[in-house]
Amino acid sequence: MRFVFSAEDEAFRQEVRDFYTKELPSDWYGGYDERDEQHAFIESVRKKLSAKKWLTMSWPKEYGGLEAPISTQLIFAEESAYHRFYARDSGIGYLGPAIMRHGTPEQKERFLGPIARAEISFHQGFSEPDAGSDLAGLKTKATRDGDDFVISGTKLWGGHLQLSDYSFLLARSDPTAPKHKGITFFIIPAKTPGIRCEEFGNLGGGTQNIVYYDNCRVNAKECVIGEVNQGWYLATTLLNHERVVIEHAAANQRQLEELVTLWKAQGRDKKHDALHNVMRNKLAEIAIQIETCRMLAYRIGWLQSIGQAPTFEASEVKIFGSELTQRFAQVAIQVLGLYGQIDRHTALRKYVLANGRPEHYYRQQIMYSIVGGANEIQRGLIANKGLGLPRA
Ligand SMILES: Cc1cc2nc3c(=O)[nH]c(=O)nc-3n(C[C@H](O)[C@H](O)[C@H](O)COP(=O)(O)OP(=O)(O)OC[C@H]3O[C@@H](n4cnc5c(N)ncnc54)[C@H](O)[C@@H]3O)c2cc1C
């Protein structure tokens with residue numbers, strides 16, 4: 001058993017660090033929810049990453065990738081999260097691999113190059129008002145009409161439609177088929193007549209959409225990915241790619257380092273009363289959990305490197321990582337006391353500590369146990385696939 005990265009891996013890690021140090025402002029706040037205000041800047045940095053082929057380093061060379069080993073991919077993801085840069089979007093992370101596997105030659109030609117060059121972006125329309133965990137219960141309809149499909153329905157949560165070139169979605173194309181059959185996977189232009197979108201804010205400060213598809217007419221040959229009525233199988237491959245593994249460990253590591261630096265700058269490391277001893281122990285506990293999370297994520301990388309496809313193991317990291325972020329959000333606020341609660345956008349901003357990030361994380365962390373498949377669903381998967389217990 002070896003728990004070390006090679007000298008080449010470490011050299012690559014340094015190269016990625018140097019890149020982010022050079023490209024990002026020293027006071028870069030970053031993070032998922034800042035994408036709207038920072039959109040143009042983020043895209044300019046992503047273009048530089050794509051020129052190095054780092055965004056698609058796992059892809060085959062013929063599609064603009066590097067066929068990089070898993071260790072290199074892990075390092076890039078780890079350093080991007082540590083530097084709070086949202087490098088991997090849905091096109092690169094999971095739609096691209098799905099098109100590679102199921103798309104026609106024309107669709108591969110149309111989408112893969114532009115995705116690899118960070119030229120196009122996507123809105124994800126899977127969840128609906130009454131279909132989230134039970135995604136196969138979706139009601140958006142796709143009705144065949146000659147060479148076209150006519151799509152009608154409502155999608156909830158997927159964000160940034162206005163900034164996207166395309167919407168990829170699941171729709172029910174055969175209402176008479178059993179629930180998991182009769183679903184088709186589409187990629188349609190975001191400006192297709194009949195698409196309308198409303199925005200709403202989430203607790204973390206980001207924006208989500210409710211998107212209405214009102215009799216959107218699209219050409220079947222151009223817009224259906226994979227086989228008609230086989231979209232469910234394509235979507236499950238795609239969702240397996242969506243599960244983020246290393247980001248929680250790396251992002252929390254950065255947050256912990258900043259909190260400890262602040263703790264020392266305030267001279268609190270010299271205090272040994274009951275309060276400070278309790279807080280020190282809480283920080284130490286978080287350090288253990290970050291390390292555990294990192295090891296769970298590395299195990300996924302190891303499984304992939306020996307050609308195995310992780311299933312319940314990815315759910316383990318998803319649960320542990322998201323709940324670690326939630327536990328840490330509580331601890332960070334406790335450590336900072338009342339000052340930890342100040343919103344950096346308010347008039348009290350001069351009293352903000354640690355750049356206001358703990359307060360922001362405290363609001364934002366709630367979503368992590370829901371996005372990418374709710375943790376209860378992931379636990380069911382571990383019970384079934386990991387422990388061999390029957391499905392609930
Ligand atoms: C910030 C954010 C971003 C998102 N982005 C996107 C996006 O880009 N595209 C997209 O399509 N969707 C997106 N989603 C939607 C996300 O995938 C769903 O919220 C998620 O699948 C849960 O579905 P739901 O909200 O309908 O909750 P429900 O499925 O109604 O679940 C509600 C609660 O019941 C629990 N529950 C449900 N079923 C079971 C069960 N069988 N056993 C035990 N407990 C159960 C759940 O765990 C949860 O706690 C996003 C959500 C959020 C919060």
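For every residue, the table says whether it meets (1) open to solvent by 70 Å² or more (accessible area, probe 1.4 Å); (2) in contact (Cβ under 8 Å) with a residue 24 or more places away in the chain; (3) within 31 Å of the chain's Cα centre (by Cα); (4) assigned by TED's automatic domain parsing to the domain that holds GLN73.
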position	(1), (2), (3), (4)
GLN255	no, yes, yes, no
GLY267	no, no, no, no
ALA284	no, no, yes, no
LEU296	no, yes, yes, no
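With respect to THR261, is the statement that it is among the β-branched types (Val, Ile, Thr), open to solvent by 50 Å² or more (accessible area, probe 1.4 Å), over 20 Å from the mean Cα position of the chain (by Cα) and in the same structural domain as GLY373 (by TED's automatic domain parsing) true?
yes
Which of (1) modelled with pLDDT under 95; (2) under 17 Å from VAL218 (Cβ atoms) is the odd one out, the single condition GLY132 does not satisfy?
(2)
Please enumerate the residues belonging to segment 1-44 that are part of a helix (DSSP H, G or I) and modelled with pLDDT under 95.
TYR32, ASP33, GLU34, HIS39, ALA40, PHE41, ILE42, GLU43, SER44
Count, please, the residues in segment 233-253 that happen to be open to solvent by 40 Å² or more (accessible area, probe 1.4 Å) and over 21 Å from ALA87 (Cα atoms).
Residues flagged as open to solvent by 40 Å² or more (accessible area, probe 1.4 Å) and over 21 Å from ALA87 (Cα atoms) within segment 233-253 amount to 2.
Kindly indicate the residue of segment 356-376 that is open to solvent by 80 Å² or more (accessible area, probe 1.4 Å) and of a type outside the set (Phe, Trp, Tyr) and also nearest to GLU257 (Cα to Cα) among those meeting that condition.
Checked segment 356-376; the qualifying residue nearest to GLU257 (Cα to Cα) is ILE366.
Exactly one of (1) open to solvent by 40 Å² or more (accessible area, probe 1.4 Å); (2) under 23 Å from THR72 (Cα atoms) is unmet by ALA314. Its number?
For ALA314, the failing item is (1).
For segment 351-370, name all the residues that are part of a loop (DSSP other than H, G, I, E, B) and either closer than 11 Å to GLY205 by Cβ or within 15 Å of the ligand (Cβ to nearest atom) (or both). Please lay out each step first, then the result.
Restricting attention to segment 351-370, the residues satisfying the condition of being part of a loop (DSSP other than H, G, I, E, B) are 352-353, 370.
Matches in segment 351-370: ILE370 only.
Take the residues in segment 340-350 that are outside any helix (DSSP H, G or I) and not aliphatic (A, V, I, L, M), then tell me which one is farthest from the chain's Cα centre (by Cα). Walk me through it before giving the result.
Here is the first cut: in segment 340-350, the residues outside any helix (DSSP H, G or I) are 342-346.
So of that shortlist, the ones also not aliphatic (A, V, I, L, M) come out as 343-346.
Details: ASP343: 25, ARG344: 25, HIS345: 25, THR346: 28 Å.
The qualifying residue farthest from the chain's Cα centre (by Cα) is THR346.
Look at segment 371-392 and say how many of its residues are touching a residue at least 60 places away in the same chain (Cβ under 8 Å) and in a loop (DSSP other than H, G, I, E, B).
Residues meeting the conditions: 3.
Within segment 80-87, does at least one residue satisfy the condition of being within 16 Å of the ligand (Cβ to nearest atom), closer than 17 Å to TYR20 by Cβ and not polar (S, T, N, Q)?
yes
Scan segment 182-235 residue by residue and report those that are of a type in the set (Lys, Arg) and either assigned to a strand (DSSP E or B) or within 14 Å of the ligand (Cβ to nearest atom) (or both).
ARG196, ARG217, listed by residue number.
Every residue, every condition in (1) in contact with a Ser or Thr (Cβ under 9 Å, 6 or more places away or on another chain); (2) of a type in the set (Phe, Trp, Tyr), yes or no:
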| position | (1), (2) |
| --- | --- |
| ALA40 | no, no |
| LYS48 | no, no |
| ALA98 | yes, no |
| PHE126 | no, yes |
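Under 30 Å from ALA7 (Cα atoms), away from the ligand (no atom under 16 Å from the Cβ) and among the acidic types (Asp, Glu) - does that describe any residue in segment 143-150?
no
Which of the strands (runs of 3 or more DSSP E) found entirely inside segment 99-177 contain at least 1 residues meeting this: in contact with a strand residue (DSSP E or B) (Cβ under 7 Å, 6 or more places away or on another chain) and surrounded by fewer than 17 Cβ atoms within 10 Å (Cβ to Cβ)?
Correct list: 141-145, 148-157.
Test of understanding: among THR311, THR346, THR261, which residue is touching a residue at least 60 places away in the same chain (Cβ under 8 Å) and over 20 Å from SER80 (Cα atoms)?
Numbers: THR346 fails: touching a residue at least 60 places away in the same chain (Cβ under 8 Å); THR261 fails: touching a residue at least 60 places away in the same chain (Cβ under 8 Å).
Going through THR311, THR346, THR261 in turn, just one is touching a residue at least 60 places away in the same chain (Cβ under 8 Å) and over 20 Å from SER80 (Cα atoms): THR311.
The values are calculated or read from the model by the stated rules, or taken from the named source; none is laboratory data. Note that the structure is a prediction, hence the values are computed from the model and not measured. Ideal geometry is used to build each Cβ from the backbone, glycine not excepted, and the neighbour counts take in all protein chains shown. To get the accessible areas, we keep the full protein, side chains included, count just its heavy atoms, and leave off ligands, DNA and RNA. Shrake-Rupley method; radii C 1.70, N 1.55, O 1.52, S 1.80 Å.
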